[in-house]
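Notes follow the structure.
Coordinate-derived values only; no laboratory data. Because the structure is predicted, anything quoted here is derived from the model rather than measured. Positions of Cβ are generated from backbone atoms using ideal geometry, with glycine treated the same way; all protein chains shown enter the neighbour counts.
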Amino acid sequence: MKHLVSSERFCLIGHVAAMAFGLAGLLLVLPNAQLIAALPSAGQTFFGWSMAGGGVVYILLGTAAVALYAYRTLGLRPWLSFMVPAIALSLSSELLGTSTGFPFGDYHYLNGLGYKIAGLVPFTIPLSWFYLGFVSYVLARAALDYRLRSPWLSRLGAIVLGAILLTSWDFVLDPAMSQTLYPFWEWRQPGAFFGMPYQNFVGWFGTGALFMSVATLLWPSRPLVLGRSQLNFALAIYLSNFAFAMVMSLAAGFWIPVALGVVVGAGPAIALWRAASPINSPGELEGFSAPADAALPLTAEASAGAQRL
């Protein structure tokens with residue numbers, strides 16, 4: 001187990017570092033050509049490679065980190081029963097969207113995010129749907145399973161809140177990534193929301209809710225019991241990716257999407273983390289074997305009774 005934790009942390013640190021390096025390159029170096037010209041030939045070659053493949057690296061590291069986290073904390077079945085539907089359904093939505101304009105609007109991907117499946121969708125895109133979707137759903141599910149006594153209401157709420165957190169990230173990311181000096185995708189018919197059609201957010205919410213619903217049906221029926229410290233990783237992934245998008249958008253002058261993202265994304269993510277159990281679930285959670293009440297703190301009377309026993 002220790003080697004899994006070490007690998008998970010290594011991937012998380014690499015993921016965050018790659019995003020920071022990408023921000024520096026996109027916002028500081030590329031707009032100042034003289035900085036690139038001043039580099040030695042080897043440095044120019046490395047910088048060119050890093051700009052061409054940096055997006056791929058940070059997404060692959062994020063995917064690996066979340067996959068390790070999901071396997072370590074929840075087990076093989078919950079990990080795969082979320083990842084497979086998330087990748088398959090998001091890729092299907094993206095292929096449909098880039099071919100027909102439904103469900104996101106009329107857009108197409110440019111370069112910088114890796115090999116394009118069917119010449120349309122970079123292979124890294126469904127991976128990002130998986131890792132951001134997973135941490136969004138787990139934050140919502142763990143908090144609601146701890147706070148609510150109605151299983152169906154908890155699961156429905158986790159799908160809705162998880163999809164909102166995922167969509168909120170796109171509020172902040174999309175304006176900058178599609179309208180910077182070096183965009184990664186572009187809208188053929190720009191919409192009213194800072195160049196994006198409102199349809200895009202409906203498509204994001206619907207796609208996220210769809211694969212989260214499938215995962216909910218495939219996951220064990222018992223409550224998901226994870227304590228706050230067990231959710232630190234999920235919150236770190238969400239907030240670091242939100243911060244990357246926020247810096248990109250603010251640098252491009254898009255502060256309204258950032259404000260909306262804070263209100264409906266980053267803020268609720270922190271609130272859900274705070275609403276989760278203060279006590280960690282013991283052992284592995286394959287099958288979510290711990291009942292919901294196991295995460296509740298003991299009352300003073302119950303604690304005294306337990307000590308007498």
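Quick notes on this one:
- Cα-based convex hull volume of the chain per residue, rounded to whole Å³: 142
- Farthest towards the positive end of the charge dipole of the chain, among the residues Ala158, Ala142, Ala64, is the Cα of Ala142, using unit charges on the Cβ of Lys, Arg, Asp and Glu.
- Screening the chain for whole DSSP H helices with an alpha carbon extent of at least 30 angstrom along the helix axis and a mean Kyte-Doolittle hydropathy of at least -0.5 yields 2-24, 41-74, 76-100, 124-147, 151-179, 198-218, 228-251.
- With the highest mean first, a sort of the peptides 257-267, 199-209 on other beta-carbon atoms found within 10 angstrom per residue produces 199-209, 257-267.
- The calculated FRET efficiency for Leu148 paired with Phe21, based on their beta-carbon distance and R0 = 35 Å, is about 0.25.
- Distant-in-sequence amide contacts of Gly191, defined by a placed amide H-H separation under 5 Å and a gap of 5 or more residues or a different chain, comprise Met196.
- Taking the charge dipole of the chain about its Cα centre, with +1 at Lys and Arg Cβ atoms and -1 at Asp and Glu Cβ atoms, the residue from Leu23, Met212, Ala259 reaching farthest to the positive side is Met212.
- Sequence-distant contacts, meaning Cα pairs under 8 Å at least 6 residues apart, place the relative contact order of the chain at 22 percent.
- Where only DSSP H runs of four or more residues are counted, the chain gives -23000 deg cm²/dmol as its mean residue ellipticity at 222 nm, each run worth -39500 (n - 2.57).
- Estimated inter-spin distance, Leu156 and His108, nm [label 7 Å along Cα→Cβ]: 4.3
- Cα-centre dipole for region 76-308 with unit charges at Cβ (Lys and Arg positive, Asp and Glu negative), debye to 20: 420
- Stretching the chain fully between Lys2 and Ala275 yields a gain of 95.5 nm (0.36 nm per residue, less the alpha carbon separation).
- Lys/Arg +1, Asp/Glu -1 at C-beta; the chain dipole; positive extreme among Gln34, Ser249, Ser221: Ser221
- Amide H contacts under 5 Å for His108, placed H, 5+ residues apart: Glu186, Arg188
- Once the C-beta distance of Leu250 and Ala192 is scaled by a Förster radius of 22 Å, the resulting FRET efficiency is 0.60 to the nearest 0.05.
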